[in-house]
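What follows is one structure encoded as structure tokens, with my remarks underneath.
The values are calculated or read from the model by the stated rules, or taken from the named source; none is laboratory data. Bear in mind the structure is a predicted one, so any value in this text is a computation, not a measurement. In this analysis, Cβ positions are derived from the backbone assuming ideal geometry, glycine residues included, and neighbour counts consider all displayed protein chains. Ligands, DNA and RNA are excluded from the accessible area calculation, which covers all protein heavy atoms including side chains. Shrake-Rupley method; radii C 1.70, N 1.55, O 1.52, S 1.80 Å.
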Amino acid sequence: MTQSNRLDGGLINRDRPINFTFDDIPYQGFKGDTLASALLANNVRLMGRSFKYHRPRGPLTASSEEPNAIVELRDGARKEPNTRATTAELFEGLTAKSQNRWPSLAFDMMAINDRFSSFLAAGFYYKTFMWPAAFWEKLYEPIIRRAAGLGSAALEPDPDSYDKGFLHCDFLITGAGPTGLMAALTAGRAGAQVILADEDSLVGGRLNCETITVNDQAGSDWVRAVQAELADMPNVRIMTRTTVIGAFDHGIYGALERVSDHLPVPANGKPRQILWRIYSKRSLLAAGAIERPIAFEQNDRPGIMLASALRAYANRWAATPAQQIAIFTNNDDGYRSAADLQAKGVSVAAVIDTRPDAQTSAEWEVLAGATIVNTSGRRGLTGIQVKLADGSVRHIKCGAVGVSGGWNPNVHLASHQRGRPEWHAEIAAFGPGQNLPQGMSVAGAAAGHLSTYGALKSGVEGATAVLADLGKAATAPELPQAEDAPVKITPFWHVAGAKRAWLDQQNDVTAKDVKLAHQENFVSVEHLKRYTTLGMATDQGKTSNMGGLAIMSELAGKPIPQVGTTIFRPPYTPTAIGAFAGRSRDADFRPVRKTPSHTWAEEQNAVFVEVGMWLRAQWFPRTGETHWRQSVDREVLQTRKSVGICDVTTLGKIDVQGADAATFLNKIYCNPFAKVPVGKVRYGLMLREDGIAMDDGTAARLAEDHFVVTTTTANAVGVYRHMEFVRQCLFPDLDVQLISTTEAWAQYSVAGPNARALLKKVVDPEHDISNEAFPYMACGEVSVGQVRSRLFRISFSGEMAYEIAVPTRYGDALIRRLVEAGKEFDAVVYGTEALGVMRIEKGHAAGNELNGTTSALNLGMGRMVNKKKDSIGSTLSKRDGMNGPDALKLVGLKPVDPSKPVPAGAHLMTKGSPVDAAHDQGYVTSACYSPNLGHHIALAFLRSGDSRLGEVIRLVSPLTGQDHDVEVVSAHFIDPEGDRLRV
Amino acid sequence: MSDISARMEPLTPLGTKTPKIDVFGPVTLSEVVDCALASFSARLGQQDAARNVLMRFCGSALPGPGQAVLGTVTVFWTGPEQWMVMAPHDTHEDLAEQLKALAAEAASTTEQNDAWCRFDLKGPNLADVFERLCPINIRASSGGEATRTSIDHLGCFVIVGARDAITVLGPRSAAGSLHHALVTAIRSAI
């Protein structure tokens, strides 16, 4: 097996041999080969097993529309199933395996399915696995999944990276064949910004696969000359290995560049692929045409392929599937394959032409008016039976058949926005319709111009029209000389009377399945598609849809255009999920926001928690502490006993300025703000327009026309957005300016009886922060080590507390300074868990209570909604349903048995009532163990809760298995009068 | 061990004492900390007065939408009648106050010094780097553009001094993520 089917010539580099394996057998190919071409050169035609019947299959095509030669590439974490051998470029050490076979490709046990094919026809699953229902998930589906196979996933993380990118151009040309090249030349010379994209590794399209000459040069030589000229133009970007996968709105296209797929491993730092978003002013679809097969009995044997593929393998890759071939055609183009293969020394056994008037030839036998009625060869074609015009049958020995049923313009991208293709009778195929994506035009074979000259000319004309549209003057390049053969075709779709004539080889759909679907009244093409799965495989039926439509048309007795087409959808070819994810995976799934004390917290072995994108310290374990509760209890107790420090930078800070700043805040908050004195802070509650609580926080008045509003960490962005909406859309007549300053300031809470004593050591002595000079709810500017600072006397913990802020770059210095100064007081730094415990002890609402369903009334802040002013949400908060006598009210709960927990999410029931939804009295929102009280406590919403203090009710939590009694108490477990705040 | 009488030592957005500078072949990526920032928004009905103040301060005409005027004092447009002003931190730490003193009731100014981290990229082919980062068409820029965009989910300003000198301002807390994104794109592109 040493490349016995390698021919002369081709665009491969014979100086660069490449070793690879297929199903563990070593082979050799050349640089420039695809896996399929190299295997064919090595006389390997069998490359896979079909999806449903496990029939032996070889390549049908030489390009990305391939339905059959689907393999697993590479090993280990890079294993990539369902890859087309026809597009996989060979590289040194490539390992490929066939898939969907057991134990081996040559002997596949599951091929037994093929014997039972009459039971497995279209709709088999729907008809068979109906009963009993419970069997579907447990029994049927696993069996079907195992039997109907594609490849297997690597089951390891993909070690490669994928980029996303953005490109801009005047003119995107999809396809770098003769049409695209001439269009690029025209537009490039006119100075337009051009992107020329092609899925192939080479530009040139079919010219690389044909013996056609252009300007008396070999087509591929002409291509290299044009490519060289384009490469010298700075305004033209040639993107090979780049598939335009989708046409989206406003001239935006998705394109996948396979940067490193042709390499064993991507170069250091380089991505495997890049998913580009291309913004274009205009685009030209020059995607060529795809040859279509003719369906006939047993037409799926390895060796039977499209006639154009046969000569592509011979001309470009110098490979042939066999030394003796036949051609089966209904048009003149099929003869090119006979000529090209014969010129390469391959014997042409016969050309079987369905047209009765086909011309005879001196070079090979032409069987006019004949059809192939059967084939032989289990794992590869050995011969065909031809029914001649006179009705007799002749056996012909051959190892390959090139089939040509005509060419379909490749209108996929033209139809991504539901544009319906139109029937072009002169080529017996669908071409692009009128309803194209914005800015797109179609040229060349994709528009039905199937000759080389027609393609070249169409490319120039297409580009000239686009340039005129863009207001750019163009000088059309001189058109090269090339063949301009007219299309001579007599439509012929399938050989009548066949039992197993394959239409969709990837999904194993036969002509008979289409007939069955029609017989069972699935007459719409969309129903046909789903019932038979025709065109639903990863090739999207590029070689099969047309055959299905033609048979439907015969059965329905109406012309093909009336049968219609199914919808084309992106991506044009299968695209790895990794490309859509890009770099946003694993640790980089989303950005990480770090607090100013992050470095210090890491040094303390803090345990972090994600809050939005912030990483916040949850607690700071000390030596000997083995359970998080030990750390949290210590932090809480020490804060209440002496002093604790907490990084509260993450709370949103919004700078509000302007002559109407106070008026604006009066609209935003339900409670009054107009009269807040300068140098004071006020707690505020924001309502949504529907009267439900949105967020709470504080607003500090730094000047008559200057406030700093704080928000909760989680709602910082949402509140800022809301405030901008209110400013710009609801009250544009107010003089207000907003900007976020969350990140600008590092802010620490210093809380506890020794908070002031600690701060006095840190704040520069010229600032008086005594209780008299700086009372509860005061704010002002101070300095720390001569660094500008802001001080707010506010408390979330319920202790005497301050929040001190410095420019963020000094945040690290400040936490170290606070810790150092706090040593004298045994100060602790506490995390979000201790923060949560202390706010529950104090009865402060947080995100669990502001949960999008609760009103100010529910939160026990009904009286804060000022009746004298109109603020957002105040009117709708008065709705009847929100103010009933049994409204939910925020209460505290403590267990009757102090050893019992009071879990969040538990529901509350009146004692003696049934435990069901109809008798539900409320639910627990926040819960913790209070180290100060020595038992669990909770905040809850309870019907008429404010009038039920002291009542013992039943707590039920099926999720955590709790069902016991709790007592309703005030939500303020610690210091209900707030005395500690003011000392 | 920190001494509470010592000078407060600033850290860079990437969390070190000195700014990080990375060189990748022809491209240099520098963390820049000598950069004071202030937002400048005209008050309602005071647009002309505010513009005059800012024009005097930066010594040039003000940039329009999507534009920046670069110099010792750089100004870029961030919204209708609002700009961001950038100047050396060493000399303009109180930039917002300086501007406020000049503008009085004509404009609102807010200190933004440490709200942002700043990375400067220098080198040829920066368009190749940025096309992997954001939808801005660097190839079409001639210098003097400032655009708000998203880089790896982070809201950033990209200020093009020239096609070989581009500044990125991003949220300071996510400086590490932004730096990672920039390094990744540079390594991928060059």
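Per-structure values
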quantity: Chains B and A, summed buried accessible surface - 1.4 Å probe, Å², nearest 100; calculated: 4400 Å²
quantity: Farthest toward positive dipole pole in the protein assembly as shown [+1 Lys/Arg, -1 Asp/Glu at C-beta], among B:Ile186, A:Pro903, B:Ala42; calculated: A:Pro903
quantity: Dipole of the protein assembly as shown, positive end: most advanced residue of A:Ile325, B:Leu133, A:Tyr253 [Cβ charges, Cα centre]; calculated: A:Ile325
quantity: Cα convex hull volume per residue for the range A:302-403 (Å³); calculated: 78 Å³
quantity: Tail weight of P(r) past 21 Å, computed on alpha-carbon pairs of the range A:478-577, percent; calculated: 40 percent
quantity: Convex hull projection area averaged over all views, the range A:1-159, Cα basis, nm²; calculated: 11.3 nm²
quantity: Cα radius of gyration and Dmax for the range B:36-111 (Å); calculated: 10.9, 34
quantity: Per-q log10 I(q)/I(0), the range A:332-452, q = 0.12, 0.15, 0.17 Å⁻¹ (Debye; single scatterer per alpha-carbon; no solvent); calculated: -0.61, -0.81, -0.90
quantity: Accessible surface of chain A, 1.4 Å probe, proportion on carbon and sulfur as whole %; calculated: 53 percent
quantity: Calculated over the range A:657-742: convex hull of Cα atoms, volume per residue (Å³); calculated: 83 Å³
quantity: Those lysines that a straight Cα-Cα span of less than 29 Å connects to A:Lys138, excepting residues fewer than 8 apart in one chain; calculated: A:Lys52, A:Lys79, A:Lys127, A:Lys529
quantity: For the range A:236-339, the spread of Cα positions along each principal axis, largest first, Å; calculated: 47, 36, 28
quantity: Eligible lysines near A:Lys594 by straight Cα distance, threshold 22 Å, same-chain separation 8 or greater; calculated: A:Lys653, B:Lys17, B:Lys20
quantity: Surrounding net charge for A:Asn215, when Lys and Arg each add one and Asp and Glu each subtract one, Cβ distance under 14 Å; calculated: -4
quantity: Surface/4 of the Cα convex hull for chain B, nm²; calculated: 11.9 nm²
quantity: q = 0.25 Å⁻¹, the range A:531-570: log10 I(q)/I(0) [Debye, one scatterer per Cα]; calculated: -0.86
quantity: Normalised alpha carbon radius of gyration of the range A:885-983 [divisor 2.2 N^0.38 Å]; calculated: 1.06
quantity: Computed magnitude of the charge dipole of chain B (debye, nearest 20; Cβ of K, R +1, Cβ of D, E -1); calculated: 400 debye
quantity: R0 of 60 Å, Cβ-Cβ distance B:Ala101-A:Ser104: FRET efficiency to nearest 0.05; calculated: 0.10
quantity: Translational D in µm²/s for chain A (Stokes-Einstein at 4 °C, 1.567 mPa s, Kirkwood Rh from C-alpha pairs); calculated: 38 µm²/s
quantity: Extent along principal axes [Cα atoms of the range A:797-851; Å; largest to smallest]; calculated: 36, 26, 18
quantity: Residues of the protein assembly as shown: accessible area per residue with a 1.4 Å probe, Å²; calculated: 39 Å²
quantity: Computed FRET value (nearest 0.05) for A:Ala77 with A:Thr538, which takes r as the C-beta separation and R₀ as 22 Å; calculated: 0.50
quantity: FRET efficiency estimate (nearest 0.05) - Cβ-Cβ, A:Leu516 to A:Asp484, R0 45 angstrom; calculated: 0.55
quantity: Computed [θ] at 222 nm, deg cm²/dmol, chain A (DSSP H ≥ 4; -39,500 (n - 2.57); rounded to nearest 500); calculated: -5500 deg cm²/dmol
quantity: Candidate lysines - alpha carbon under 29 Å from A:Lys281, same-chain residues fewer than 8 apart omitted; calculated: A:Lys164, A:Lys457, A:Lys472, A:Lys542
quantity: 13 Å beta-carbon shell around A:Ala587, net charge (K/R +1, D/E -1); calculated: -1
